[in-house]
1. Take region B:79-128 and flag every residue that is within 14 Å of chain A (Cβ to nearest Cβ), of a type in the set (Val, Ile, Thr) and surrounded by fewer than 22 Cβ atoms within 10 Å (Cβ to Cβ).
2. Would you confirm whether any residue within region A:28-38 is under 21 Å from A:ASN167 (Cβ atoms), at pLDDT below 95 and in contact with a helix residue (DSSP H, G or I) (Cβ under 8 Å, 6 or more places away or on another chain)?
3. A:GLU81 passes all but one of (1) at the interface with chain B (Cβ under 10 Å from one of its Cβ atoms); (2) in contact (Cβ under 8 Å) with a residue 12 or more places away in the chain; (3) out of contact with any Pro (no Cβ under 9 Å at 6 or more places or on another chain); (4) not aromatic (Phe, Trp, Tyr); which number fails?
4. Would you check which residues across region B:28-52 are over 28 Å from B:ARG116 (Cα atoms), facing chain A (nearest Cβ under 10 Å) and either in a helix (DSSP H, G or I) or at pLDDT below 50 (or both) and list them?
5. Would you check if there is a residue in region A:128-139 being away from every other protein chain (no Cβ under 12 Å), in contact (Cβ under 8 Å) with a residue 40 or more places away in the chain and surrounded by 18 or more Cβ atoms within 10 Å (Cβ to Cβ)?
6. Quick test for you: out of A:ALA107, A:ALA43, A:ALA119, A:ALA92, pick the one residue that is among the aliphatic types (A, V, I, L, M), out of contact with any His (no Cβ under 7 Å at 6 or more places or on another chain), within 14 Å of chain B (Cβ to nearest Cβ) and surrounded by fewer than 20 Cβ atoms within 10 Å (Cβ to Cβ).
7. So, in region B:171-206, exactly how many residues are under 27 Å from B:ILE251 (Cβ atoms), among the hydrophobic types (A, V, I, L, M, F, W, C) and touching a strand residue (DSSP E or B) at 6+ places or on another chain (Cβ under 6 Å)?
Amino acid sequence: MEWFPLWLSVRVALLATGLTMTVGIPVAWWLARRRSTVRQIVAVIVMTPLVLPPTVLGYYLLVLISRYGPVGRVLESLGIELAFTWRAAVLAGAIGSFPLLVRAAQAGFESVDRQLEDAARTLGRYEWSVFWSVSLPLAWRAVAAGSALAFCRAFGDFGITLMVAGNIPGRTQTLPLAIYDHVQSNAMREANVLALVSIGVALTILLGAARFVRFR
Amino acid sequence: MTRNWTIRSRAGRPIVGGLLVLTILAGGAHGQAQSRLTVFAAADLAFAFKGIVPLFERATGASVILSIGSTGVFAQQIAAGAPADVFFAANASFVDDLIARGVVIPATRSLYAQGRIVLATRRDAPFRPTELRQLTDPRVKRIAIANPQHAPYGKAAEQALQASGLWDTLKAKLVYGDNIRHALQFLQTGAAEAGVVALSVANAPEISWTLVDARLHEPLNQVAVVVRRSQHPELGGAFIRFVVGPQGRPIMKRYGFLLPGDF
């Protein structure tokens with residue numbers, strides 16, 4: 001029994017969640033402000049990973065980050081290889097989980113009493129400070145719920161990862177890819193064990209999060 | 001003011017702290033050994049290569065990373081710079097396309113096998129067709145083949161059904177697997193009553209099969225090639241020769257491949 005895919009997946013999902021949180025929380029906060037056309041458009045774009053087929057998403061992401069793609073070429077000149085490495089798996093997980101985090105966090109920020117934020121502004125706080133000292137502390141439950149969902153989504157990503165990171169055992173083969181491989185080669189015992197582990201991890205995270213956050 | 005700070009220390013810090021931990025964790029996830037041979041192999045080779053790879057590792061001391069998947073997806077990925085050393089495709093056209101793009105070494109292009117397709121059913125099925133025309137029987141509700149758009153064995157299955165004049169009749173019954181192993185799973189799970197799949201993957205205990213006349217489809221010429229980016233092209237070439245050599249040959253034959261010299 002090869003356990004590398006499990007450790008890789010845990011690491012990839014943690015990093016992907018971190019990446020999603022770093023980018024997603026500010027985006028969610030910005031989206032939660034008063035409606036505007038620009039915000040509507042961005043909100044729709046942010047949701048696309050939920051509705052596009054993962055392999056399609058993965059293919060275009062690969063076109064972008066491969067060594068012949070526009071982003072990949074720049075990275076390569078800097079000596080960074082992204083496609084077909086574990087970093088690409090992190091990116092894949094982050095993109096897949098991004099809408100889940102943003103949706104949850106946005107709902108959280110929207111439920112924050114605007115008068116409290118405005119009060120902080122009248123007290124001379126800058127926007128950055130309002131965010132850290134008022135909005136985020138009041139919306140943290142929703143942000144945490146979104147992050148838990150994001151972790152589970154990143155942990156379970158298959159389609160995007162398969163395209164951009166490949167299915168390379170010992171390097172980029174995450175848990176879902178390993179399960180697929182075992183099923184493909186008729187190794188059902190291994191596939192079942194890994195599938196159970198995968199379900200266990202997801203349930204633990206969601207139940208753990210449910211202890212202090214109510215999923216809506 | 002003070003109150004704000006208290007709130008921040010309760011809620012803001014765990015998030016900042018979490019991100020820090022994540023960044024630190026990032027350090028561990030790397031490691032690319034130089035002496036490794038990464039082989040991208042078409043799904044029909046799944047079983048045969050599980051037997052051949054350990055023999056090659058023992059004979060050469062090299063370690064092989066075997067990635068099994070769809071020929072079409074692998075071709076896309078190699079064109080995009082995937083770190084494969086050798087590519088075993090289930091046909092020739094994807095390899096020739098890669099040659100045209102300049103990402104593989106033309107001189108290493110080798111025809112390593114010819115595949116066969118079979119008509120397969122579950123051994124315990126109440127009705128087990130042994131000829132393609134029996135697929136029109138109403139007891140056969142679903143017929144599994146690999147996707148003819150990008151899977152060579154699916155293409156061959158399509159050609160065989162067309163040559164038998166059955167394609168239009170059976171079209172509505174067909175279900176497409178992503179690759180040939182996937183198509184076989186439809187059979188194994190009982191989701192499809194019959195399938196036209198590769199002989200090389202049909203040797204499962206619960207499957208019974210009958211060969212489909214090879215004249216009904218274009219020859220399934222399978223081609224391997226060494227990738228230009230490879231760090232050790234000689235080792236890649238050695239692996240291709242090993243597969244068709246005295247040690248690989250009997251295993252390939254056991255899984256129903258015809259090897260160069262046999263066709």
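The values are calculated or read from the model by the stated rules, or taken from the named source; none is laboratory data. All of these numbers come straight from a predicted model, not from anything done at the bench. With ideal geometry, Cβ positions are generated from the backbone for all residues, glycine too; neighbour counts draw on all protein chains shown.
1. B:VAL103
2. Checking region A:28-38: not a single residue is under 21 Å from A:ASN167 (Cβ atoms), at pLDDT below 95 and in contact with a helix residue (DSSP H, G or I) (Cβ under 8 Å, 6 or more places away or on another chain).
3. Tallying (1) at the interface with chain B (Cβ under 10 Å from one of its Cβ atoms); (2) in contact (Cβ under 8 Å) with a residue 12 or more places away in the chain; (3) out of contact with any Pro (no Cβ under 9 Å at 6 or more places or on another chain); (4) not aromatic (Phe, Trp, Tyr), A:GLU81 fails exactly one: (3).
4. Listed by number, the residues that qualify are B:GLY28, B:ALA29, B:HIS30, B:GLY31, B:GLN32, B:ALA33.
5. There is no residue in region A:128-139 that is away from every other protein chain (no Cβ under 12 Å), in contact (Cβ under 8 Å) with a residue 40 or more places away in the chain and surrounded by 18 or more Cβ atoms within 10 Å (Cβ to Cβ).
6. Checking each option against the conditions leaves just A:ALA119.
7. Residues in region B:171-206 being under 27 Å from B:ILE251 (Cβ atoms), among the hydrophobic types (A, V, I, L, M, F, W, C) and touching a strand residue (DSSP E or B) at 6+ places or on another chain (Cβ under 6 Å): 10 in total.
For every residue, the table says whether it meets (1) in contact with a Phe, Trp or Tyr (Cβ under 9 Å, 6 or more places away or on another chain); (2) of a type in the set (A, V, I, L, M); (3) in contact (Cβ under 8 Å) with a residue 40 or more places away in the chain; (4) farther than 29 Å from A:ALA178 by Cα.
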residue: B:PRO83; (1), (2), (3), (4): yes, no, yes, no
residue: B:VAL86; (1), (2), (3), (4): yes, yes, yes, no
residue: B:PRO126; (1), (2), (3), (4): no, no, no, yes
residue: B:ARG142; (1), (2), (3), (4): yes, no, yes, no
residue: B:ALA172; (1), (2), (3), (4): no, yes, no, yes
